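Read the structure below first, then the notes.
The values are calculated or read from the model by the stated rules, or taken from the named source; none is laboratory data. For clarity, every value in this text was computed on a predicted model and none was experimentally measured. Methodologically, a virtual Cβ is constructed for each residue, glycine included, from the backbone with ideal geometry; neighbour enumeration extends over all protein chains shown.
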């Protein structure tokens, strides 16, 4: 008798729960179903397989002006080494900056988790390689999730959570992709000027290349295909390009709080700087003037037409800082190196001026096969990389629509 009564009570309890939940939804307590409905809710808290506390020192915590979160694929070790060489940790530290590479995990056999055709460019890598890299450079964080193109959101959120837990003293947070150029020297100057400086004082903003009214792609053959089940709406909320954006730890915390109540969506740029941002009441600030989407304009920063070859010692004319702080090298590591050498030259010599009016690259940059690298960079010969890119048409916008 008691057994049957217990079963009846349990059944009534379950029914009561669902009735109350239904009434709560009808009254608007839960509102309309959120458009980002996935098969399951993923926890915000990440288990770190490898963790390095780059913001800490032996005695207490030091002042960190900026923490750079660099999303990277495990197979991109060569590119990470390139970035470490071009901008060593010691040089970043002098600017009050720290850098952390964000990675996902490999399977037990050490193969890439993501075997899609778009990721064939990544080198095969073993888990022992990643462990060795982590011990040597102490700038990796590896989360306990599969390394996959559709797992960029967990990786992105892992970085934000890491900042909140291990680097809340930072003034600014930079999130960037490893294959995007960022001029840290110019950024160092800009952080002390409007609009960057004001971000720390107000409620908080996300600064980046703002994208409005982006249409959801429904073509199943597209890399960016999104089903109705994944995202019912046909228009994304305003968000910023995931190439690089800047914010503060205060905004990071607000995004993490919002994430507790919303489902994950695999396009991380949209999810973090669009959906979570809106839920947290954070505004966007467009930094379009500091961005270029054209590799050719970066080439114009480090090269000039041959007939106007600029040599500091001969002509006494000043070189220029690049007009742009963030842009795509399109996997051209030669261009990446030249750009960083150019930025380092301007930073260390203080010889570089600013282009004004008609001199600005959006008005004056014309790519030709005769462009050569400025000699003050130590390169007087033709740059084959630049010539190749001319033949491919460097002025075409990048194919990636969402950052």
Only one of (1) touching a strand residue (DSSP E or B) at 6+ places or on another chain (Cβ under 7 Å); (2) within 19 Å of residue 240 (Cβ to Cβ); (3) surrounded by 18 or more Cβ atoms within 10 Å (Cβ to Cβ) does not apply to residue 179, and that is (1)
In the set 302, 334, the lone residue that is within 24 Å of residue 80 (Cα to Cα) and modelled with pLDDT under 85 is 302
Within region 325-350, the count of residues that are in a loop (DSSP other than H, G, I, E, B) and touching a helix residue (DSSP H, G or I) at 6+ places or on another chain (Cβ under 6 Å) comes to 5
What about residue 231, is it under 26 Å from residue 286 (Cα atoms), crowded, with 21+ Cβ neighbours inside 10 Å and more than 21 Å from the chain's Cα centre (by Cα)? yes
